[in-house]
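Let me begin by presenting the structure, written as structure tokens, before commenting on it.
The values are calculated or read from the model by the stated rules, or taken from the named source; none is laboratory data. Here the structure is a predicted model, which means the values were calculated and not measured. As a convention, Cβ positions derive from the backbone with ideal geometry for all residues, glycine included, and neighbour counts pool all protein chains shown. All accessible areas refer to the heavy atoms of the entire protein, side chains included, with ligands and DNA or RNA removed. Shrake-Rupley method; radii C 1.70, N 1.55, O 1.52, S 1.80 Å.
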Amino acid sequence: MTHTVVLGGGICGLAAGFQLAEHGERVTVLEAQHFLGGLAATLRGATGAGFDFGPHAYHARNERVLALFKEIASDGFPARPKNVRIKFRGTYYKYPLEALDMARSMSPVIALRAFVDYFGELVRKKLFPRPLVSAEDWVVGAMGRTLYGLFFGPYTEKVWGVHPSKLAASFARHRIPHISLMKVVVSSLRKGYAKRTGTEHRYAPLVIELFYPPKGAGLIAERMAARIRAAGGAAQTGALVTGIDVEGGKVSGVRFRRVGATGVAATGQLALLASGREGETVGGLGWEPAGPEEQEERIACDRIVSTLPLPVLIELLGDAVRPEARAAATLLRFRPITVLGLRVKRARCLPAQSIYFQDKTFTRLSETRNYGGSDVCGPDETVLLCDITCDLGGRIWNAGADELARVIGPELAAEGFLEVEEIVEAVTLRSTMGYPVYLVGYEAAIDTLMAELLRFEDLVTGGRQGLYKYVDMDIASEMGLAMADHLLSGRTKRETIADVPYEDRVFA
């Protein structure tokens, strides 16, 4: 029997592991954290309230994935219509944008200017076409300069820490459901699933309804792990991967060290997702530096499924990887995220499931109960999640939960969502690798790495971090299933993906 080691116990790795295990394969999942699920986990605070790494509802367009989720959460996986808003200049707008809503809520002068700008862009593109290099190019061309300047530009710069002119055009394609303002108009005139125009990028589908288990998004990951174990596989936590052994061009084993939990009760930190290779700027890991070889354990294996950050995978392969690939891996970077979770003594706070802001400490505010998380806390209280992108070692990154609550609480009160004294618990959840950053020119580095990974027939990589694609849990799960399907098929990687462009790949 072949032995497959899965590196990383997030939703992608678990999907791959459970698919392989239930097909009779020997599987071992290695996860550095003290829990499974990664960014798709639900962690419990001191009183048992559940906190997600941001609003992680499911919205699978892939029927196979959706059917799987419904089977796993058969005791409760209700659907709710999507209700997300953005706020700028004091007004709430539906998101994705809808033309009629914009016309009703926006100043007539600004609305007129937005549509004039858009049609001006249409004319310019016909008369003076130019390549779309940056996210700024893409959004201005698709939405017009007015909408770009009002929200998309400032919000993008705040979230990613770089000007949109430095982000690749593919970033905008992957994250904005409508490819143009005209598609916004067409979609606005339809109802329900008919709103889908068929032109949305697969990584940014137009979501109509959302599914969320009442006990928290992490229920899916927990039950996937249980099924791996029930099928005879293993899922080990507290196992930090330190190296991959390659002999004769084939993987032969994985080295790892036992590490402790990353929660820090004194600061309210529930977890810190990290690779263990970030250096001193991370803080709060509770992981000792890598020690001598005798502290390592080793698992022999025939195949590896990796969901670790792509640059980390290349580093773990060591000298088995060519120098040009190691150099390319250093060009890829991730945007860290801090999520402040608040338990509030109020049954409901928000008029929507999530609201995007560009003028607050946080960029997105969500209420788990509004997604369907009725059992994550008591019936007379609710959980709010405040997403904050930040820099490693910066003020936000180093702040404790109570300190952040003292800053953000008054911002929420000023919006009328709560009274500061109603906040009864504050926690943080952090990740050094929240989002891959699509800098202009990153495609060249990716091409080098994709070519390099084709050399390793018994190693596949996927997921948001593992394939360096900003995808949601649904597509990450699809990637995990696709990696398992490939390994079970007996086909070579060249047969399966060599002719598939990176844009369309679900694993490498």
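Couple of notes before you dig in:
- Dividing the summed -39500 (n - 2.57) terms of all DSSP H runs of n ≥ 4 by the residue count of the chain sets its mean residue ellipticity at 222 nm at -9500 deg cm²/dmol.
- Of all accessible heavy-atom area on the chain, the percent that carbon and sulfur account for (1.4 Å): 53 percent
- Applied to region 246-259, the Karplus parametrisation 6.51 cos²θ - 1.76 cosθ + 1.60 on θ = phi - 60° returns per-residue 3J(HN,Hα) values of 10, 10, x, x, 10, 5, 10, x, 10, 9, 8, 10, 6, 9 Hz, with x for Gly and Pro.
- Proximity of backbone amide H atoms, modeled 1.01 Å from N, is registered between L459 and I304 at under 5 Å, excluding neighbours fewer than 5 places apart on the same chain.
- Within the shell of other residues whose beta carbon sits under 12 angstrom from the beta carbon of E425, the net charge comes to 0, with Lys and Arg scored +1 and Asp and Glu -1.
- Total charge dipole magnitude, region 366-508, about the Cα centre, Cβ charges on Lys, Arg, Asp, Glu only, Debye to nearest 20: 760 debye
- Summarising the amide proton neighbourhood of S252: residues at separation of 5 or more, or on other chains, whose placed amide H is nearer than 5 Å comprise D245, V246, E247.
- Close amide H contacts of G144 (hydrogens built in the peptide plane, cut-off under 5 Å, sequence separation of 5 or more or a different chain): none are found.
- Ligands, DNA and RNA are left out, and with a 1.4 angstrom probe the accessible area of region 1-151 is 42 Å² per residue.
- Counting only protein heavy atoms and a 1.4 Å probe, region 357-480 has 30 square angstrom of accessible area per residue.
- Spacing of the modelled spin labels on E415 and R322, each 7 Å from Cα toward Cβ, amounts to 5.0 nm.
- With a cut-off of 15 Å between beta carbons, the residues surrounding A329 carry a summed charge of -2, where Lys and Arg count +1 and Asp and Glu -1.
- Summed side-chain charge close to N370 - residues other than N370 whose Cβ falls under 10 Å, Lys, Arg +1, Asp, Glu -1: +2
- Total charge dipole magnitude, the chain, about the Cα centre, Cβ charges on Lys, Arg, Asp, Glu only, Debye to nearest 20: 1740 debye
- Highest average packing first - 8-19, 438-449, 42-53, Cβ atoms within 10 Å: 8-19, 42-53, 438-449
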